[in-house]
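> Quick one: structure below, then a few questions.
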């Protein structure tokens, strides 16, 4: 399924994922869609992501996707859907491209902020660690593979840990706001590689930003919970 005019870029995949596939714990209400509150203070991710970046990224960019979506969906069938269903149902429909773009980016960012919730392990543990090591190697190798996947995304986009068509763990780079749920896959971990996610703090040093996020900010219990949820 070609969800936009731009291609999906597969960066890596390996051992089969076991357990029940999951999704981020996102709000299920239909329109008007409400941007969830951050699960922490704007300065909680500093110094790896500054309060200034969070204020701009969450307070301006993310908010705008929700605002625009709420302007677009009244009077359409999407107004009665939850956010994830809007993404899946509008994917690939040229006439609904604006709805898809804004819904997908609204959804992506909720998943993004949620995965940094404080209090969890800073490295994968248990079954998740076993699966990831078998697929990607150790943590350092995983980080390098995420960086490589981000380099394969031309321009703006995301890198998601999901699974491939064979049901195996994979890192997939998606251009623009595209995401796994638009093609019926789960989203376990998402790295935003749009410049507004990192440029104030890292300028053009995108790999440095990705490494800082993966080494210091991800709550891997959130990722494990997504993998376990149906």
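> What ranking do 31-44, 214-227 get when scored by the average of other Cβ atoms within 10 Å per residue, highest first?
Ranked by mean Cβ neighbours within 10 Å, highest first: 214-227, 31-44.
> Which distance in Å, rounded to a whole number, links the C-alpha centroids of the stretch 149-215 and the stretch 97-129?
Using only Cα atoms, the two centres lie 10 Å from each other.
> Normalise the Cα radius of gyration of the chain by 2.2 N^0.38 Å (N = residues in it) and let me know the number. Please list the in-between numbers first.
Working: Rg = 16.5 Å, N = 230, 2.2 N^0.38 = 17.4 Å.
In units of the 2.2 N^0.38 Å rule of thumb, it is 0.95.
> Beta carbons within 10 angstrom, averaged per residue: use that to sort the peptides 60-71, 177-188, highest first.
Taking the mean over residues of other Cβ atoms within 10 Å, the ranking is 177-188, 60-71.
> May I pose another question? Hey, fewest Cβ within 10 Å first, where do 122, 168 land in order? Don't jump to the answer; show the numbers that get you there.
Numbers: 122 13, 168 17.
Listing 122, 168 from fewest to most nearby Cβ atoms yields 122, 168.
> Among 135, 76, which comes first, then next, by fewest other beta-carbon atoms within 10 Å?
76, 135
> Pick from 82, 192, 165: which residue has the top mean-square fluctuation in a GNM of the chain where Cα pairs under 10 Å get a spring?
Maximum fluctuation in the GNM of the chain, among the listed residues, is at 165.
> For the chain, what is the calculated [θ] at 222 nm in deg cm²/dmol (nearest 500), taking -39500 (n - 2.57) for each run of four or more DSSP H residues and dividing by its residue count? Display every interim value, and only then the final one.
On the way: 9 runs with 90 residues, N = 230.
For the chain, the value works out to -11500 deg cm²/dmol.
FYI, it's all coordinate maths here, none of it is from the lab. Keep in mind the model is a prediction, meaning the values are calculated, not measured. Positions of Cβ are generated from backbone atoms using ideal geometry, with glycine treated the same way; all protein chains shown enter the neighbour counts.
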